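Asks: I have a structure I would like to understand better, so I am pasting it below and will then ask my questions one at a time.
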Amino acid sequence: MQKTGGAFRRRWLSAAGLAVLVAACAVRAENCADASDAPEFSLAQIRTVIGRAAKLADRLRTAAEPARLAPLVLALRQLDNRLDSLESGGAAPAAARREAYSQARRLARQIAFSNPRLDFDKILFVKRHDPAGLHLSRHMVHQYYGYAALPGGGLYVLSDPFSDAPQLTDLLADSRVENGRLAGRRLEPGTFLRPEVSFDGRTILFAYTEALGEKPEWSPQSCFHIFRVNADGTGLVQLTDGPWNEFDPCFLPDGRIAFISERRGGYLRCGASAPRWPSPTYTLHSMEPDGSDVIALSFHETHEWNPSVNRDGMLVYTRWDYVDRDTDIAHHQWISYPDGRDARAYHGNYPEKRESRPWMEMQIRAIPDSHRYVAVAAAHHGQEFGSLVLIDPRLEDDGALSQLTRLTPEVPFPESEARKGDIASAMVYGTPWPLSEDDYLVVYDPQTKNRGIYWIDRDGNRELIYRDPEISCYAPMPLRPRPTPPAIPRKTVQAARDVTAAGGHVPPATITVMNVYDSDFPWPEGTEIRALRIIQVLPKATSPTNEPRIGAADQTNARAVLGTVPVEADGSALFEAPVGKAIYFQALDADGMAVQSMRSATYVHPGERLVCQGCHERKHTPPRHASGTPLALLRPPSPIAPEPAGSNPFSYVRLVQGVLDRHCVECHRRERAVDLSGVIEGRHGFSRSYSHLAGRYGFYYDSSLGSLHRPGRGGARTEAGRFGARAAKLMEFLDDSHYGVQLGPEELRRLIVWLDANSEFYGAYENTEAQARGEIVFPALE
């Protein structure tokens, strides 16, 4: 069966495929329930359907076409009156109740499809099987690795989706790749991921993998790559290739394409044991429309997902944040400029308790004509499905649910509310496409096995649009033009054309803090901040969890202490910042001890001028600052002054052991006290002094159980004045009250830096034997 017509010549479904379509359309009647073996509906249930349909009609009354809606409302009233007759006549026959229920459902469906928000005639979507071998004990990261994909499915268009005779088109049925490694071939069987329609509705991006090779394997044929095709199925080209996964493409208003890629390198710190389940990290990148000039938009050290563009032209995506804290609970909304600069979390990054909010928010999209977003409340140990929520970042974040509204309250949040064995049963909804604050296209299946395409609204209405009984649907969206957000000018010189326009000159990046005290937490009384310490979080260069173990903390980050910059008397700071490195800041007092520390990370791009309001700045109130220009802005940017040797590259042996050797080891040996020698022993290659000091006398945040090392040291945020050297028991033994110990200022500084930097041992993931010997080892990835 063929449809002809210019470039839109398509191979339609075979006879068998047409039968599947007929069956699928019949499945649409699951919401109409007029089969003879239907349940015994009560009159109360029927009235519930009528009441909900009437409420929906009332919501649509001012916008829907009166000639279409009015007869349906009249029929609904007549049905309600007929129920009165059935009720007054005694026990209503089962057949009459089934027929009344079916009529109520049909009317509700017709009212729903009279919604003016459903004013498009084509829906683009993907058919795909859920990834294989993904058990709940593994992470949500694995579902995006090509080796886990099961072949099958494709890229489809459903035409006339709200009519009685929708038509299904396999968009790539006659398409062959026009370039690259797969030139001349069809994309089959393989597997597809989330598509994206251009703002003008003429072009489609999507990710595809051949799903070949061993499991696991990172090769061109086993990884996802990004493709572009015209909306009529012509002009199929491959944009990316290589032994790395790339997916979630997103059109940017300036013409570039944002996407997620593994190119930067690195591995997940809790990604299970190699070689069976390695977990490379993937982060935000961008490229030109032809696939050239690929650059990193993000230098984050863990995973990121699902970029989209909001109405202001900003990039919105999900980031997994777990620097010195819980592995499971901070996967929430981040926003940056489309050139990657000024990435910030306006929502959800610091939950008060693990159970107080979703552990993960996926598929975040801005709602048209709104400042709100829709997202899937998903699981850390699961896939990208769950319950649906609205996010309102204009509200104050209470660390729980203040910014969230449940769209599907009947489904608990996977893992934070539905725990252990119930997680899979809560992975019900997915890939929402917002049409308004009230209306959404989604995929849904209460059995979480075969998701169909639905329209839902926030009042609990839900209507099936299409389901294939053999394979799940995924990522439905209207195939039509949509408003183009403003194109925000780039202010970095990272992309090739920006460097060329700047004459090849790349200016340094700077960071300004307007007033370090302008914070949303109380500082300890009498606090005076003199400097900021800049610490780099290093990407993990090895795959297995805790191999090597960097320090006493579980799954901790290797890091490098880059140095310090001054803070002026008014709390302002201005300094040159290293480009392309994930960094965090610690606010230091006059003794060089950290009073407050980030447990997240930021970064800058070439030429970026990053400005922060304060330390954990307040999101919804204006800046607090003395009148006049901040003092730091009256001088040139400060260079970073290095901390003592052994802090970069970080090395406990080079930073701390020498102090112990000079002041502690001999006395402790003589008195048979705690062994503080530098003898290396044990499976992790730690020194005896480290093994004896780090856990009992040091301070570290752990990634397990809410970042608890000991009671009082947990949570997602640092309690000012109560961490690091200020909280470490070791500081009680570093003056002359302890057997006359007298440390020089630089020696004391060494121990403070160590304690403030999470009491780590190694500073790189490679060559730990050399590090244990005190040799300088630079990290392979920065």
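The values are calculated or read from the model by the stated rules, or taken from the named source; none is laboratory data. The structure presented is a predicted model; accordingly, all values stated were derived computationally and were not measured. Positions of Cβ are backbone-derived with ideal geometry, glycine not excepted, and every protein chain shown enters the neighbour counts. These accessible areas exclude ligands, DNA and RNA; they are computed on the full protein's heavy atoms, side chains included. Shrake-Rupley method; radii C 1.70, N 1.55, O 1.52, S 1.80 Å.
Asks: Treat every Asp and Glu Cβ in the chain as -1 and every Lys and Arg Cβ as +1, leave all other atoms uncharged, and give the resulting dipole magnitude about the Cα centre to the nearest 20 debye.
Replies: Working: 89 positive and 97 negative charges, 212 e Å.
For this selection, approximately 1020 debye.
Asks: Another one. What does the net charge come to around Phe299 if you take all other residues with beta carbon closer than 10 Å to its beta carbon, with K and R at +1 and D and E at -1? Write down the numbers at each step before the final one.
Replies: Details: positive: Arg264, Lys581; negative: Glu301, Glu782.
In short, 0.
Asks: Which of the three applies to the stretch 218-312, rounded, prolate or oblate, going by the alpha-carbon gyration tensor with a ≥ b ≥ c and a/c under 1.5 meaning rounded? Working shown, then result.
Replies: Details: a/c = 2.38, a/b = 1.49, b/c = 1.60.
Oblate.
Asks: Further, regarding this structure: Peptides 548-561, 225-238: what's the order by average Cβ count within 10 Å, highest mean first? Show your work: numbers first, answer last.
Replies: Numbers: 548-561: 23.9, 225-238: 20.3.
Result, highest mean first: 548-561, 225-238.
Asks: Quick one: helix 745-756 against the long Cα principal axis of the chain, what's the angle to the nearest 10°, folded into 0 to 90?
Replies: The helix 745-756 is inclined about 20 degrees to the chain.
Asks: Shifting gears a bit: Put +1 on the Cβ of every Lys and Arg and -1 on every Asp and Glu Cβ in the chain; which of Leu390, Thr768, Leu107 then has its Cα farthest towards the positive end of the dipole?
Replies: Of Leu390, Thr768, Leu107, it is Leu107.
Asks: Bins of 5 Å, beginning at zero and ending with the bin holding the largest distance: percent of Cα pairs per bin for the stretch 341-487, please.
Replies: Reading upward from the zero bin: 2, 10, 18, 22, 20, 15, 8, 4, 1, 0.
Asks: On to the next question. Report the extension gain between Glu217 and Ser163 in nm, rounded to one decimal, defined as 0.36 nm multiplied by the number of residues separating them, less their alpha carbon distance.
Replies: Numbers: separation 54, 0.36 × 54 = 19.44 nm, distance 4.42 nm.
Here the answer is 15.0 nm.
Asks: Net charge near Leu660, counting Lys/Arg +1 and Asp/Glu -1 over other residues with Cβ under 11 Å of its Cβ?
Replies: In short, -1.
Asks: Same structure again: Below 14 angstrom from the Cβ of Thr510, what's the summed charge of the other residues (Lys, Arg +1; Asp, Glu -1)? Before the final figure, lay out the partial values.
Replies: Values: positive: Arg341, Lys491, Arg609, Arg635; negative: Asp342, Glu576, Glu608.
Cβ neighbours under 14 Å give a net charge of +1.
Asks: Which shape class applies to the stretch 663-782: rounded if a/c is under 1.5, otherwise prolate when a/b exceeds b/c and oblate if not, where a ≥ b ≥ c are the square roots of the Cα gyration tensor eigenvalues?
Replies: Values: a/c = 1.63, a/b = 1.08, b/c = 1.52.
It is oblate, given that a/c is not under 1.5 and a/b is not larger than b/c.
Asks: Can you pull the three principal axis extents for the Cα set of the chain, in Å, largest first?
Replies: So the extents along the principal axes, rounded to whole Å, are 98, 64, 57.
Asks: Give the accessible surface of the stretch 461-568 per residue, rounded to a whole number of Å², with probe radius 1.4 Å and ligands, DNA and RNA excluded. All intermediate terms of the calculation are to be shown ahead of the outcome.
Replies: Numbers: 3940 Å² over 108 residues.
That works out to 36 Å² for each residue.
Asks: Treating cross-link reach as a plain straight distance, find the lysines whose alpha-carbon is under 23 Å from the alpha-carbon of Lys353, omitting any fewer than eight places away in the same chain.
Replies: Leaving aside lysines fewer than 8 places away in the same chain, those within reach of Lys353 are Lys420, Lys619.
Asks: I've got another one for you. Give, rounded to the nearest 20 debye, the magnitude of the charge dipole that the stretch 421-524 has about its Cα centre when Lys and Arg contribute +1 at Cβ and Asp and Glu contribute -1 at Cβ. Present the calculation step by step, with values, prior to reporting the outcome.
Replies: Values: 10 positive and 13 negative charges, 120 e Å.
Dipole magnitude for the stretch 421-524 comes out near 580 debye.
Asks: I've got another one for you. Calculate how steeply helix 43-60 sits against the longest principal axis of the alpha-carbon atoms of the chain, using the helix alpha-carbon long axis, and give the answer as 0 to 90 degrees to the nearest 10.
Replies: Around 80 degrees separate the two axes.
Asks: Taking the Cα centre of the stretch 236-288 as origin, sum charge times position over the Cβ atoms of Lys and Arg (+1) and Asp and Glu (-1), and report the length of that vector in debye to the nearest 20. Present the calculation step by step, with values, prior to reporting the outcome.
Replies: On the way: 5 positive and 6 negative charges, 67 e Å.
Dipole size: approximately 320 debye.
Asks: What spacing in nm lies between the two simple spin-label points modelled at Leu395 and Ala502, each 7 Å away from Cα in the Cβ direction?
Replies: 4.1
Asks: Of the peptides 594-604, 750-760, how do they stack up when ordered by the mean number of other Cβ atoms within 10 Å, highest first?
Replies: Numbers: 594-604: 23.1, 750-760: 26.2.
Highest-to-lowest ranking by the protection proxy: 750-760, 594-604.
Asks: Mind checking the full-extension length gain between Arg669 and Gln45? Use 0.36 nm per residue of separation minus the Cα-Cα distance, one decimal, nm. Don't skip to the end; give the middle numbers.
Replies: Numbers: separation 624, 0.36 × 624 = 224.64 nm, distance 8.12 nm.
Extra length available between Arg669 and Gln45 comes to 216.5 nm.
Asks: Here's a follow-up. Of Leu252, Cys223, Tyr322, which is farthest on the positive side of the dipole of the chain, counting Cα position, with +1 on Lys and Arg Cβ, -1 on Asp and Glu Cβ, and the Cα centre as origin?
Replies: Of the options given, the answer is Cys223.
Asks: So, one more: Could you tell me the center-to-center distance, by alpha carbons, between the stretch 616-666 and the stretch 447-473 in angstrom?
Replies: The stretch 616-666 and the stretch 447-473 have Cα centres separated by 53 Å.
Asks: When the Cα centres of the stretch 721-782 and the stretch 196-234 are compared, how far apart do they sit, in Å?
Replies: For the stretch 721-782 versus the stretch 196-234, the Cα centre distance is 48 Å.
Asks: Calculate, for Asp241 and Thr405, the FRET efficiency according to 1/(1 + (r/R0)^6) with r their C-beta to C-beta distance and R0 35 Å; round to the nearest 0.05. If you can, show how the numbers build up before the last one.
Replies: Details: r = 42 Å, r/R0 = 1.19.
E between Asp241 and Thr405, to the nearest 0.05, is 0.25.
Asks: Putting +1 on Lys and Arg Cβ atoms and -1 on Asp and Glu Cβ atoms, find which of Ala641, Ala424, Val656 reaches farthest to the positive end of the dipole of the chain.
Replies: It is Ala424.
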